[in-house]
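The structure appears below as structure tokens.
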Amino acid sequence: MPTIGLIGLGNAGRPIAERILQRGYSLTVYDLNPGAAESLVQRGAHKAGSAKEAVGDLTFTVLPSSIEVRQSVFGESGVLAAIRSGMTLIDLSGTDPDCAREIQSKLKDKQTAFLGGTIHASGAPAVVIPEGQFSIVIGGNREEIDRCIPVLSSLANTIICLSEPWMPKAFKIAIIMYSTANSIVTAEICAWLTAQGADPNLFLKLLQTTGSQASAARLEEFMKRNNNNGGALSNSYKDLRQALKVAAELEIPMPLLSMANQVQEMARARGFTRLNSPAAMGKLYELLTGIDLTGATLDGERKLREPREPTVLYLGY
């Protein structure tokens, strides 16, 4: 059984660490906040004093952005100083494709495996990750992925494998691009309907009855915004900024998402960064339009699926 290191004990890193311990692996953890590891140490984890000390046969980084990842990997006491041939680094952080390419290049020089990945949790990470009710999208050499599948499939119920480490990063940002635009336009639609005296709940039933399931799903997600499932506006803002940065480097115009980013800026200025994106847009459009969108809400929490055998899918190989 491989030894595992985990760097980053935030909203996703901590429950992943709990899941690793549940599955019986030897785990060493590190976080810039020394106190973040204490509860995990009580459950059997080892506490490292640096990212370098946390390196194991398989090392995960689960950090907010490329800034923290580069520091933990390339810093003086970083992963690169301790990792060696035969070991594997898996980055599940909120990094951009360029960061994944850079790490892949540096670790290739050390003949060390690197896999880039993303976490997809439909619900609060503290709830769904310890239960294994989430997906991991992982990219890299297939042989290297295959060696890690026993560990990955013990953590998540779906593992989706892609051929390059940077691909999961690009696809996760693309998902955020979709969801950001959807949240904004749905908030505008609900304000437009409510201003005329039309009940958004009736509109939802109409969409469901006429078979417009994709539109109904987007509206229902917005209307269930008060359960606060999903990532915070601060995270989607970061991802959208990364998307626009890449677009600028590629000289690709993105007028719609540039405007969406400005709408996010308005929500951030109003202090809505910790709300999920639909909830933040709902609050913002109440302020912009002066319309109470309380009627455009639904109660209900996402239910955890029944446990099942993990599924592993290979795409693009």
Would you point out which residue out of G13, G24 is assigned by TED's automatic domain parsing to the domain that holds I103 and surrounded by fewer than 16 Cβ atoms within 10 Å (Cβ to Cβ)?
G24
From S236, S258, S215, residue being closer than 30 Å to C99 by Cα, modelled with pLDDT under 95 and in a helix (DSSP H, G or I)
S236
Go over the candidates D96, D146 one by one and state the one that is in the same structural domain as I16 (by TED's automatic domain parsing) and of a type outside the set (A, V, I, L, M).
D96
Check S277 against each of (1) modelled with pLDDT under 90; (2) touching a strand residue (DSSP E or B) at 6+ places or on another chain (Cβ under 9 Å) and name the one condition it does not meet.
(1)
Among the residues of region 81-88, is any closer than 25 Å to P125 by Cβ and out of contact with any Leu (no Cβ under 6 Å at 6 or more places or on another chain)?
no
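Would you confirm, using the coordinates I've provided, whether M254 is surrounded by 14 or more Cβ atoms within 10 Å (Cβ to Cβ), farther than 28 Å from V62 by Cβ, in contact (Cβ under 8 Å) with a residue 40 or more places away in the chain and not aromatic (F, W, Y)?
So M254 fails the test.
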Could you tell me which of the residues S93, S122, S154 is surrounded by 24 or more Cβ atoms within 10 Å (Cβ to Cβ), of a type in the set (G, A, S) and outside any strand (DSSP E or B)?
S93
Scanning region 162-215 residue by residue, those farther than 18 Å from G282 by Cβ, surrounded by 14 or more Cβ atoms within 10 Å (Cβ to Cβ) and among the charged types (D, E, K, R) turn out to be E164, K169, K172
Looking at S85, S122, S66, can you tell me which residue is over 23 Å from the mean Cα position of the chain (by Cα), at pLDDT below 95 and of a type outside the set (A, V, I, L, M)?
S85
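The values are calculated or read from the model by the stated rules, or taken from the named source; none is laboratory data. This structure is a prediction, so every number in the text was calculated from the model and none was measured. When we count neighbours, we look across all protein chains shown, and the Cβ atoms used for this are built from the backbone with ideal geometry, even at glycine.
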